[in-house]
Amino acid sequence: MTASGTLLGDGRVLGGRAMLRSARNPATILGAVLFPILFFVLFNLVMRRIMEARGFDYAQLLPPTIVVQAMFFTAMSSAYYVADDRRSGIIARFRSLPIHRSAPLIGRSLGDLSRATVSAVVITALGIATGMRFERGWVWALAYLGLALLFALAVSLGMGLIGYAAPTPEAAASIASTPYLPLIMLSSGFAPVEDFPDWLEPIVRYQPVSVTIDALRATAGTGDLGDTVPLALAWCVGLIIVFAALGSRALERAA
Amino acid sequence: MGVSGIQVSGLVKRFGETTALAGVTFEAARGEVLGLLGPNGAGKTTTVNVLSTLLRPDAGSATVDGHDVVTEPAEVRRSIALTGQFAALDEALTGVENLALFGRLRGLSGSAARARADELLERFDLVEAADGRVSSYSGGMRRRLDLAASLVDDVPILFLDEPTTGLDPRSRATLWDMVRDLQAEGRTIILTTQYLEEADQLADRIVLIDNGKVVVEGTPSDLKRSAGGQSCVVQPVDPGRLDEVAKLLDDRGPLSVEHDLGTVTIPDTEAADLSAILQRLGQAGIEVADLSLRRPTLDDVFLDLTGDST
């Protein structure tokens, strides 16, 4: 008999717990599905004609933006859940169990990814209903979903860190909702990069949210794959490595 | 005593400027209920957190069920279960789902975890609440489920960190019975509490901690004895005659006269002495309103030794 459980076995059990917990929290569904749908509909009403008049194919451009935005919404719950687990003391109990020490991190990520998957699929279906096409075929459509989830994982690991640092779950939730707004507004998501002031343009162009949105658009057929996908992968994988390492350390110290 | 049970030697733990543990040493024999008693902030929970591998000590060592908490944390975790100060359960899950979760995390298969959960719900009188979410549970039900969650695996050592804090007297009595049953099964239990009565009721031995140090240890009766024997409290009908009472009885040892209470306390008195005391007071024509024997309580020990009011 081994002294500790396996990472995947324990992670899966804790992932099941995270999914059950999400499914029973109406606020989670709101963030993962209803808000993104609302944004999708509103942006179509407000911006579609303006952008099409400027020659942009808005049916292709908007869904990746809303998917990335939805990945933020789903990840924000993660900050709340981590802080809530600290408050209830269940994190300490997990740590006193003979399980793999990173299993709680894996479990939480599985829960976050399940919400993100639902969200990304719903928004993409809505996009297809309003004219979006995967012009490079279904393999690239899967790559699109995979990249969206990779981005979701990076953000949710980052949000988890807020959950470890915040004094209360409520504080965690409000801190977690802060970085999203500047990152998504100052990106290629809603306005072309060229429209930003010159001094801001390089930041807007190369920050992770823009890079990910551009790569998602490219996998669906708009833009060059080679210019966008490697950069997006580098950003997402880099953030995942850094945030996961910091998250494991924070978990070790949570008592 | 061998290597099982718990041995703690010179534990030191600092948090920044604060020294939470300043060299804590004690042992708990296998099958013993050891009460860790002390005021808030004395270092009880820090001690439990070090012993349950949640915190690394800065100095000193500890073995739990024969395993070193620093070098063999995984083995220690296999031998222990921790019931924290706050019932650490998932509020969104039902009682049975919580127990099944902890069963799976202790390596049971899905069906075995479920079967064990049903058994524990039965034992802890939670069958009716099994399918209700924990968020709807009362304080007493949570603590019972919390305790049940510590027993999904048959661990030899249990840490109960203030298991009855905030419970009403009936729920507390129920929980006490459950702890006694756990001891009867041969488990070693470390019980932290600020309730002296709780330690008196449950603990075989008590370790009193204050300011991160062990102040005194012993059985509850040892400790009470150390606070002095029985004393006799005399209350005359006329408080004006207190000094007269004191003069009459001052051959019985150092008396204390409590003017505000209208009483005189005579140390080291046996029941057999009472009639002689009454007789002497009667001969002097002093009417007695109340005469009683008082045993020292753990409160006396606690207040004597911790020095601050709790």
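Filtering region B:70-85 to residues that are surrounded by fewer than 24 Cβ atoms within 10 Å (Cβ to Cβ), within 16 Å of A:ARG101 (Cβ to Cβ) and either free of Cβ contacts under 8 Å to residues at least 60 places away in the same chain or not charged (D, E, K, R) (or both) leaves B:VAL70, B:THR71, B:GLU72, B:PRO73, B:ALA74, B:GLU75. Restricting B:ALA88, B:ALA42 to residues that are facing another protein chain (nearest Cβ under 8 Å), crowded, with 19+ Cβ neighbours inside 10 Å, touching a residue at least 40 places away in the same chain (Cβ under 8 Å) and part of a loop (DSSP other than H, G, I, E, B) narrows the list to B:ALA88. Restricting attention to region A:9-21, the residues that are more than 14 Å from B:THR94 (Cα to Cα), buried (at least 20 other Cβ atoms within 10 Å of the Cβ) and more than 8 Å from chain B (Cβ to nearest Cβ) add up to 2. Could you list all residues from region A:68-127 that are of a type in the set (Val, Ile, Thr) and either more than 21 Å from A:LEU145 (Cβ to Cβ) or facing chain B (nearest Cβ under 9 Å) (or both)? Hits for region A:68-127 are A:VAL82, A:ILE90, A:ILE91, A:ILE99. Of all the listed residues (A:LEU126, A:LEU142, A:LEU105, A:LEU147), the sole one being under 29 Å from A:ALA171 (Cα atoms), at pLDDT 90 or above and not in a loop (DSSP other than H, G, I, E, B) is A:LEU105. I'm trying to understand the selection: among the residues of region B:179-237, which are among the basic types (Lys, Arg) and in contact with a strand residue (DSSP E or B) (Cβ under 7 Å, 6 or more places away or on another chain)? Answer for region B:179-237, where residues must be among the basic types (Lys, Arg) and in contact with a strand residue (DSSP E or B) (Cβ under 7 Å, 6 or more places away or on another chain): B:ARG187, B:ARG205, B:LYS213.
Against the test of being assigned to a helix (DSSP H, G or I), of a type outside the set (Gly, Ala, Ser) and within 14 Å of chain A (Cβ to nearest Cβ), the options B:ARG77, B:ARG116 yield a single qualifying residue, B:ARG77.
The values are calculated or read from the model by the stated rules, or taken from the named source; none is laboratory data. The shown structure was predicted, so the numbers you read here are calculated from the model rather than taken from an experiment. Positions of Cβ are generated from backbone atoms using ideal geometry, with glycine treated the same way; all protein chains shown enter the neighbour counts.
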